[in-house]
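The values are calculated or read from the model by the stated rules, or taken from the named source; none is laboratory data. Just so it is clear, the structure is predicted and the values come from calculations on it, not from any experiment. We place every Cβ from the backbone using ideal geometry, glycine too, and count neighbours over all the protein chains shown.
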């Protein structure tokens with residue numbers, strides 16, 4: 001496999017069984033040219049709004065989040081009328097839900113939206129939901145072009161007739177996690193995955209984006225022959241299925257056999273390098 005990136009440090013290893021190919025995945029953003037896997041990674045940074053008005057709500061409610069600041073005052077009435085639901089509203093901020101473009105028929109994929117009058121816009125999933133829920137497999141074309149949080153943030157900014165000047169990520173439940181990595185595999189056979197012990201892992205999660213009830217089950221993603229989830233499948237108004245991986249299934253400094261028998265599946269890591 002070949003990757004386009006500046007390789008600074010190896011943090012994850014994938015290799016196709018049988019010695020066909022070996023790939024090193026670096027901390028830097030990358031995209032594989034091999035047809036059976038792809039992915040991305042990025043740094044996590046706490047937004048300044050977390051220290052300001054409304055920040056305590058996000059600390060209690062939010063999990064994985066995407067955010068921006070528009071650099072100008074926000075008309076809360078304008079964004080409030082564009083929200084699908086309104087959960088809380090004050091003189092300084094409004095919180096509600098917004099449909100993710102391309103997922104409007106799947107209401108469980110809706111993202112929560114926090115907008116502050118000082119220009120902050122935050123989209124997030126709750127801290128009870130796995131980070132892997134952000135993966136967008138809708139209209140999958142063989143590569144990752146964005147997340148559901150990206151799409152929701154863009155939709156919120158569009159409602160304000162603005163474009164996000166930047167997009168950054170943060171996980172409010174795991175403030176010590178500073179990086180997020182996603183590895184996507186298709187049903188092209190077994191691979192192996194190894195996580196270095198230099199990683200402090202805060203969450204391991206999985207996602208399967210197949211839209212069929214039969215093909216959106218955790219049994220279609222296996223590590224060392226054991227399903228990541230034998231029970232969890234796609235619920236009504238969800239596009240795919242996602243859940244947490246037991247740490248015992250993905251121990252550090254060990255090569256684990258990864259098998260994806262659906263069209264595609266993803267492994268997501270929240271971590272810090274020690």
request  = Output the residue which, of all residues in the stretch 242-258 that are out of contact with any helix residue (DSSP H, G or I) (no Cβ under 9 Å at 6 or more places or on another chain) and assigned to a strand (DSSP E or B), is surrounded by the fewest Cβ atoms within 10 Å (Cβ to Cβ).
outcome  = 257
request  = Could you list, in sequence order, all residues of the stretch 163-194 that are part of a loop (DSSP other than H, G, I, E, B) and surrounded by 17 or more Cβ atoms within 10 Å (Cβ to Cβ)?
outcome  = 164, 167, 172, 173, 174, 177, 178
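Hey, which of the strands (runs of 3 or more DSSP E) in the stretch 70-146, taking only ones fully inside, have at least 2 residues that are closer than 17 Å to residue 164 by Cβ? Walk me through it before giving the result.
Details: elements: 85-89, 93-98, 111-116, 120-126.
Qualifying strands (runs of 3 or more DSSP E): 111-116, 120-126.
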request  = Answer yes or no: is there a residue in the stretch 109-118 that is farther than 16 Å from residue 238 by Cβ, modelled with pLDDT under 95, under 14 Å from the mean Cα position of the chain (by Cα) and surrounded by fewer than 18 Cβ atoms within 10 Å (Cβ to Cβ).
outcome  = no
Yes/no for residue 185 being at pLDDT below 95 and out of contact with any helix residue (DSSP H, G or I) (no Cβ under 8 Å at 6 or more places or on another chain) = yes
